[in-house]
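To start, the structure itself, in structure tokens.
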Amino acid sequence: MSKSADELFQPSLRDGWSKTKSYDINHFFLVSFFGGPIPLMVLGSRNAKWLKVPKQHINVLVAISVVVQIFNLVMFYLDNRDVLGEGNRTPLLSIQILSILLFSLYKFVLNKRFQQHRRTVGEIQGLFKPALLWIFIGAVIQYAIMGAAYILTESVG
């Protein structure tokens, strides 16, 4: 029952397999820490699509990212209105902690497929340039949203 050497060295992956690509998901920690939920959502969702994560999981990740962003707005509002007290660092700290927890969720969902990608393909895409770009874009979006929220709350209050 031994196979010939030619049979042993034939590719075992057949129809239905397509090559994946990925960023190093461990570096998403820095994206979440410095950029927050918006860059993590964009880059993490892109990476999930590249790794062929089921669409339902990607949708859940995006929905949770949006919830984290809404929480950030609520914390901004509370901080802006001094509801939590003057000089309270809770809003900033809670935003950072939630971003890191969001990273943990993305890592949990992507980790199995990322490890499989590393074993089969092994090629990792560079994250530095896209991360810088999306951290900048995320900051612009974040400040635009917070500016609009500030204007709306000032007109109401």
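The values are calculated or read from the model by the stated rules, or taken from the named source; none is laboratory data. This one's a predicted model, so the numbers in the text were calculated from it and none came from an experiment. Please note: Cβ atoms are built from the backbone with ideal geometry, for glycine as well, and neighbour counts cover all protein chains shown.
Quick notes
- Complete set of residues in the range 122-157 that are over 17 Å from Tyr23 (Cβ atoms), polar (S, T, N, Q) and in contact (Cβ under 8 Å) with a residue 12 or more places away in the chain: Gln142, Thr153
- Here Asn88 meets the list (1) part of a helix (DSSP H, G or I); (2) surrounded by fewer than 14 Cβ atoms within 10 Å (Cβ to Cβ); (3) not β-branched (Val, Ile, Thr) almost entirely, failing just condition (1).
- Some residue of the range 5-24 being more than 25 Å from Lys129 (Cβ to Cβ) and at pLDDT 80 or above: no
- Filtering Glu123, Glu154, Glu86 for residues that are acidic (Asp, Glu) and in contact with a Lys or Arg (Cβ under 9 Å, 6 or more places away or on another chain) leaves a single hit, Glu123.
- Test for Gln96: is it under 12 Å from Pro37 (Cα atoms) and of a type in the set (S, T, N, Q): yes
- Condition met for Ser155 (hydroxyl-bearing (Ser, Thr, Tyr) and either surrounded by 14 or more Cβ atoms within 10 Å (Cβ to Cβ) or within 23 Å of Asn26 (Cα to Cα) (or both)): no
- The lone exception for Leu73 - which of (1) among the aliphatic types (A, V, I, L, M); (2) part of a helix (DSSP H, G or I); (3) out of contact with any Pro (no Cβ under 9 Å at 6 or more places or on another chain); (4) modelled with pLDDT under 85 it fails: (4)
- The range 93-113: number of residues that are surrounded by 14 or more Cβ atoms within 10 Å (Cβ to Cβ) and either without any contact (Cβ under 8 Å) to a residue 40 or more places away in the chain or over 14 Å from the mean Cα position of the chain (by Cα) (or both): 3
- If you go through the range 33-54 and pick out every residue that is surrounded by 24 or more Cβ atoms within 10 Å (Cβ to Cβ) and closer than 12 Å to Leu127 by Cβ, you end up with 6.
- Residue in the range 43-56 that is more than 20 Å from Pro130 (Cα to Cα) and outside any loop (DSSP other than H, G, I, E, B) present: yes
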